[in-house]
1. Residue check: is Glu129 at pLDDT 95 or above, surrounded by 14 or more Cβ atoms within 10 Å (Cβ to Cβ) and more than 23 Å from Gly250 (Cβ to Cβ)?
2. For segment 245-271, give me each residue that is closer than 15 Å to Val294 by Cβ, open to solvent by 20 Å² or more (accessible area, probe 1.4 Å) and in contact with a strand residue (DSSP E or B) (Cβ under 9 Å, 6 or more places away or on another chain).
3. Looking at Leu264 and the list (1) under 23 Å from Tyr334 (Cα atoms); (2) outside any helix (DSSP H, G or I), which single condition is not satisfied?
4. Name the single residue, out of those in segment 97-124 being in contact with a Cys (Cβ under 7 Å, 6 or more places away or on another chain) and not in a strand (DSSP E or B), that is surrounded by the most Cβ atoms within 10 Å (Cβ to Cβ).
5. Name the single residue, out of those in segment 218-227 being open to solvent by 10 Å² or more (accessible area, probe 1.4 Å) and in contact (Cβ under 8 Å) with a residue 12 or more places away in the chain, that is farthest from Asp297 (Cα to Cα).
6. Which of the numbered conditions does Leu207 fail, given that it passes all the others? Conditions: (1) of a type outside the set (Phe, Trp, Tyr); (2) open to solvent by 30 Å² or more (accessible area, probe 1.4 Å); (3) touching a residue at least 40 places away in the same chain (Cβ under 8 Å); (4) part of a helix (DSSP H, G or I).
7. Under 7 Å between Cβ atoms, which residue pairs at least 6 apart in sequence (or on different chains) link something in segment 337-359 that is under 24 Å from Thr268 (Cβ atoms) with a partner that is open to solvent by 50 Å² or more (accessible area, probe 1.4 Å)?
8. Are any residues in segment 293-326 more than 21 Å from Ser199 (Cα to Cα) and either β-branched (Val, Ile, Thr) or buried (at least 19 other Cβ atoms within 10 Å of the Cβ) (or both), and if so, which ones?
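The values are calculated or read from the model by the stated rules, or taken from the named source; none is laboratory data. As the structure is a computational prediction, the values presented were derived from the model and not from experiment. Positions of Cβ are backbone-derived with ideal geometry, glycine not excepted, and every protein chain shown enters the neighbour counts. Protein only, heavy atoms only, side chains kept; ligands, DNA and RNA dropped before computing areas. Shrake-Rupley method; radii C 1.70, N 1.55, O 1.52, S 1.80 Å.
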Amino acid sequence: MSSEEGLSSTITDWLFFSSWWLLLPFIMLLVVVAFVVAFVLLLYMISPLISPKPLKLNGAHVVVTGGSSGIGKSIAMECYRQGAFITLVARDESKLVQAKKEVEKCAINDKQVVLCISVDVSKDYRQVESVIKQCQEKLGPVDMLVNCAGTSFSGKFEEVEVERFRSMMEVNYLGSVYPTRAVITTMKERRMGRIMFISSQAGQIGLFGYTAYSPSKFALRGLAESLQMEMKPYNIYVTVAYPPDTDTPGLAEENRTKPLETRLISETSGVTQPEQVAKIVVKDAVQGNFNSSVGPDGYMLSALTCGMSPVTSITEGLQQIVTMGLFRTIALFYLGSFDSIVRRCMIQREQAKAADKRE
């Protein structure tokens, strides 16, 4: 073999090995992608085996606190459409009577019953316990408790009356603790049940104007996580719902005194209808999902703030792991936008004050 042929052969071999090394990263990438796809498919196949058995609402007894209006009433109507027996609990008797009529229109059979009980679930635990005992005697053990009693308020920290901080914790936190405490013993004895807490997206992220409201909703998350760890061995599953601004009488009342900054920040996510929220959160509670979110922003917030919260399936945990970095990047842009809104409002107020002084 001539020197030219040898050189040509050497070059050919070198090109072959070089091309192989160039292709190696792509081959490895394809192997990794194939492995991830196979892993995800496997998780989807086995996740139903470890997920809780769905609760059948047909014939179940569902108690809804704060059920006379807004999200609570819509949840009661959604459960009634699925054949549940409903106990509505709220303070205002006239609103309860009206809500009862609206819920009854959603009946799917003539055996269903709507029971109304007027009580303030945030004041006296013994009274709440008595009410729960009363409704269980009439409609049977509580299969699902929906803690929807709550109130919202927004205002600058130094302008919020001190009393307001206490009342927020009483209504939004203790108003969920008391009914839950009243039903939990029976649920443990029966080895079944669902408990839902209606928090808020303001219970996932602290925003301007919500120094009284947000902590009371954040508290529900801590309660829910602790309670779920205690109740899971008894086949009792806890759901925390984080609805966005929803078109309810409570939101209309809050908007009357909402600071400009809070209003501008809230407008970035729009307003959701209570019927849409009800369908999503009822489905999640029935499935035994711990987190219940509404819309893309809600999904992103739930993934970002999942922390040490329980998961219902392996796939849910995997989704949180995969999306965390991307969602954190997006969240930083949101936070920058919110800070910009607050700064602009502050500058406008200072300029207005300076103009008034000059006049």
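1. Taking the combined requirement at face value, the residue satisfies it.
2. The answer is Asp245, Asp247, Val271.
3. Single failed check for Leu264: (2).
4. Residues of segment 97-124 in contact with a Cys (Cβ under 7 Å, 6 or more places away or on another chain): 97, 100, 115, 117.
Pick out the ones that are also not in a strand (DSSP E or B) and you get 97, 100.
Values: Val97: 13, Lys100: 18.
My answer is Lys100.
5. Ranking the qualifying residues of segment 218-227, first place goes to Leu227.
6. Going through the list (1) of a type outside the set (Phe, Trp, Tyr); (2) open to solvent by 30 Å² or more (accessible area, probe 1.4 Å); (3) touching a residue at least 40 places away in the same chain (Cβ under 8 Å); (4) part of a helix (DSSP H, G or I), Leu207 breaks only (4).
7. Within 7 Å, the pairs are Ile341/Leu264; Val342/Phe208; Cys345/Leu260.
8. Within segment 293-326, Ser313, Ile314, Thr315, Ile321, Val322, Thr323 qualify.
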